[in-house]
Amino acid sequence: LGLITDMSSKKYALGGTAGYAPPESHFDYDSYGEGADFWPLGVIVLKAITRDILPEDLEEKCHVPKCYQDSADNLVEKARRVVADIKRPSTQNMLESAINFAEKILQANPNSRPSYDELINHDFIQYAKVWFRSKIAKIQK
């Protein structure tokens, strides 16, 4: 997702792949904040689980933010169905935490999304830190 700034008007325009673009790139929200940068992260997390993203044609189909929310909710439900079939409890717990992480981010209203501090302290990020540290420790041996 790229940020293109028109310095004369102080307005922002977004460029990027439609399936990863936040609703505020298509609707007239008062501000473009950090929540817009988090939206693609939520899509990426769910793509890792489902191998799917939000439809590329959301911009053409959706004329209200609720349509974005419904599409995001459908992707979350798809991820939950995938995780329900996993039999390893540790993997299932980590993926459920990932889904919760993405669900918090994928809120059509940017003011309803968590802050950076809330996200960085989320259980999913803590799982990821432990996992990466264990992989690094194995490499260093």
Has the range 91-112 got at least one residue that is among the charged types (D, E, K, R), exposed (fewer than 15 other Cβ atoms within 10 Å of the Cβ) and under 16 Å from Leu41 (Cα atoms)? no
Name the pairs whose Cβ atoms lie under 7 Å apart, with the first residue in the range 84-104 and of a type in the set (S, T, N, Q) and assigned to a loop (DSSP other than H, G, I, E, B), the second open to solvent by less than 80 Å² (accessible area, probe 1.4 Å) and at pLDDT below 95, and 6 or more positions between them or separate chains? none
Every residue in the range 114-125 that is open to solvent by 100 Å² or more (accessible area, probe 1.4 Å) and in contact with an Asp or Glu (Cβ under 8 Å, 6 or more places away or on another chain), please. Tyr116
What about Lys78, is it open to solvent by 80 Å² or more (accessible area, probe 1.4 Å) and out of contact with any strand residue (DSSP E or B) (no Cβ under 7 Å at 6 or more places or on another chain)? no
Check whether at least one residue in the range 126-141 is touching a Lys or Arg at 6+ places or on another chain (Cβ under 9 Å) and either surrounded by 11 or more Cβ atoms within 10 Å (Cβ to Cβ) or assigned to a loop (DSSP other than H, G, I, E, B) (or both), and report yes or no. no
Which residues, counting only those in the range 39-60, are of a type in the set (Asp, Glu) and either surrounded by 18 or more Cβ atoms within 10 Å (Cβ to Cβ) or part of a helix (DSSP H, G or I) (or both)? Glu59, Glu60
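The values are calculated or read from the model by the stated rules, or taken from the named source; none is laboratory data. In this text, all values refer to a predicted model and were calculated from it rather than measured experimentally. Cβ sites come from the backbone with ideal geometry, for glycine too, and all protein chains shown count toward neighbours. Accessible surface is based on the protein model in full, side chains and every heavy atom, while ligands, DNA and RNA are left aside. Shrake-Rupley method; radii C 1.70, N 1.55, O 1.52, S 1.80 Å.
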